1. Could you please find all residues in segment 26-50 being farther than 30 Å from Arg104 by Cα and among the polar types (S, T, N, Q)?
2. Tally up the residues in segment 74-120 that are assigned to a helix (DSSP H, G or I) and either over 18 Å from the mean Cα position of the chain (by Cα) or of a type in the set (Asp, Glu) (or both), please.
3. Could you list, in sequence order, the residues of segment 22-74 that are in contact with a Ser or Thr (Cβ under 8 Å, 6 or more places away or on another chain) and at pLDDT below 95?
Amino acid sequence: MKASAIFLTVMTLFVLDADGGTQERLEASRQKIDSLDQRIVELIQERAQVVAEIGKIKREAHLPVKAAGREKQVIEKAQELAKGGPLPADAVGRIYQNLVEEMRNWEAKLDAAAAPQSANQQATTGDSR
């Protein structure tokens, strides 16, 4: 009986020790993920600022929000850049499809919000373009 208790104690300590190393490695990897996520979000927000600039240019030129050819080009470029990486290129393409769609939807909201301002300016200045 004592041998069984000692064996269980030793095994428990072994598992705890192994688990401790695992937990440390997991924590280190999760910290890397957190750091990468911060950078990704910063880049997404920076991309959004550029999308807002593009939306303004399109509004001034009376161009539509959606540019299907450009969207396709962006997604294909992301897939090409992803080749050789651990995540399959088609998975990166799907991520970019969602990113482009969200940015387009946001740009459309900006466009809709700017439309009343543009109409007010035209009414007060007589500018009908």
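1. Result: Ser29, Gln31.
2. Kept after step one, since they are assigned to a helix (DSSP H, G or I), are these residues of segment 74-120: 74-82, 89-120.
With the extra rule that they be either over 18 Å from the mean Cα position of the chain (by Cα) or of a type in the set (Asp, Glu) (or both), the set shrinks to 76, 80, 90, 101-102, 107-120.
Of the residues in that region, 19 qualify.
3. Going residue by residue through segment 22-74, those that are in contact with a Ser or Thr (Cβ under 8 Å, 6 or more places away or on another chain) are 59.
Matches in segment 22-74: none.
Yes or no, residue by residue, for (1) in contact (Cβ under 8 Å) with a residue 24 or more places away in the chain; (2) surrounded by 11 or more Cβ atoms within 10 Å (Cβ to Cβ):
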{"site": "Gly21", "(1), (2)": "no, no"}
{"site": "Arg25", "(1), (2)": "no, no"}
{"site": "Ser29", "(1), (2)": "no, no"}
{"site": "Lys32", "(1), (2)": "no, no"}
{"site": "Gly55", "(1), (2)": "yes, yes"}
{"site": "Lys72", "(1), (2)": "no, yes"}
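The values are calculated or read from the model by the stated rules, or taken from the named source; none is laboratory data. The shown structure was predicted, so the numbers you read here are calculated from the model rather than taken from an experiment. When we count neighbours, we look across all protein chains shown, and the Cβ atoms used for this are built from the backbone with ideal geometry, even at glycine.
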